[in-house]
Structure formats: structure tokens, C-alpha cells
1. Against the definition (surrounded by 14 or more Cβ atoms within 10 Å (Cβ to Cβ) and either charged (D, E, K, R) or under 26 Å from V8 (Cβ atoms) (or both)), how does W85 come out, yes or no?
2. For the range 48-80, name all the residues that are aliphatic (A, V, I, L, M) and over 12 Å from the mean Cα position of the chain (by Cα).
3. Which of the residues that make up the range 1-49 are of a type in the set (F, W, Y) and within 26 Å of P62 (Cβ to Cβ)?
4. Please go through the range 65-96 and give me each residue that is in contact with a helix residue (DSSP H, G or I) (Cβ under 7 Å, 6 or more places away or on another chain) and either farther than 15 Å from T51 by Cα or without any contact (Cβ under 8 Å) to a residue 12 or more places away in the chain (or both), ordered by number.
5. Kindly evaluate A23 against the criterion of being outside any loop (DSSP other than H, G, I, E, B), touching a Leu at 6+ places or on another chain (Cβ under 6 Å) and within 14 Å of M87 (Cα to Cα).
6. Sort out which residues of the range 56-86 are under 20 Å from D40 (Cβ atoms) and not in a strand (DSSP E or B), and write them in order of number.
7. Output yes when any residue across the range 18-35 is in contact (Cβ under 8 Å) with a residue 24 or more places away in the chain, hydrophobic (A, V, I, L, M, F, W, C) and either loosely packed, with under 15 Cβ neighbours inside 10 Å or in the same structural domain as D6 (by TED's automatic domain parsing) (or both), and no when none is.
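The values are calculated or read from the model by the stated rules, or taken from the named source; none is laboratory data. Keep in mind that what you see is a predicted model, and the values were worked out from it rather than measured. Note that each Cβ is placed from the backbone with ideal geometry, even for glycine, and that neighbours are counted across all protein chains shown.
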Amino acid sequence: MKSTTDPVPFLRGCEQPLFLAAADEIERLRARQKWIACSDEMPDADMMVLTFAPDSSEPVWPASFDGESWVDDYGMELAPPVTHWMMFPDPPEVPA
């Protein structure tokens with residue numbers, strides 16, 4: 001059975017460097033996996049991210065914000081309004 005208890009408070013309470021590093025890494029990974037409201041924060045200019053436009057026929061799409069509008073990797077402006085964005089996940093490790 002999967003535990004739903006958040007390990008971060010426990011790790012921080014241990015005050016050991018290894019546990020604190022583990023808590024930091026958990027929080028870093030969680031932050032990368034969250035949708036961010038455009039009203040709260042925008043990504044750096046021209047950084048490719050995943051976008052969410054709820055009124056689109058394809059609501060999740062890779063795009064970047066050029067300072068004025070959201071554009072896809074061809075430079076075409078996204079028509080429906082983008083409400084949220086998130087960083088791409090880290091790529092999988094591929095054996096050499």
C-alpha cells in the first residue's frame with residue numbers, strides 16, 4: 001500500500017545533511033511538476049515549456065512566451081488563451 005504521508009517534514013526535522021538534501025531534492029522535483037498560473041508567473045522569454053489552454057482542441061502544447069504572446073516552435077501564435085504553464089520533465093536516463 002502506498003503511503004500518502006509527506007516525507008519532507010520528517011526529513012527536515014532530522015536536521016542531518018543527507019536528509020536535508022533529500023528534502024530539498026523532493027521539493028525541487030515537485031516544483032518542476034506543477035502547473036503555474038500565468039497570472040502568478042511567466043517563464044523566461046523564449047524558454048520552451050508545456051502550456052495549457054483549456055479552450056483549445058489540444059489543450060496541452062509546447063510553446064514559449066516571447067514577451068507579448070505564446071508561440072509554438074514554428075513561431076506561430078497560439079490562438080486560445082494560455083492559462084497555465086510548466087517546465088518539461090527531465091528526460092529519461094538512456095543507457096549508453
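1. Working: surrounded by 14 or more Cβ atoms within 10 Å (Cβ to Cβ): yes; either charged (D, E, K, R) or under 26 Å from V8 (Cβ atoms) (or both): yes.
So W85 fits the description; yes.
2. A53, V60, A63, V71, M76, L78, A79
3. Residue satisfying the conditions is W35 alone.
4. Scanning the range 65-96 gives no hits.
5. Values: outside any loop (DSSP other than H, G, I, E, B): yes; touching a Leu at 6+ places or on another chain (Cβ under 6 Å): yes; within 14 Å of M87 (Cα to Cα): no.
For A23, the condition - outside any loop (DSSP other than H, G, I, E, B), touching a Leu at 6+ places or on another chain (Cβ under 6 Å) and within 14 Å of M87 (Cα to Cα) - is not met.
6. Answer for the range 56-86, where residues must be under 20 Å from D40 (Cβ atoms) and not in a strand (DSSP E or B): P59, D66, G67, E68, S69, L78, P80, P81, V82, T83.
7. yes
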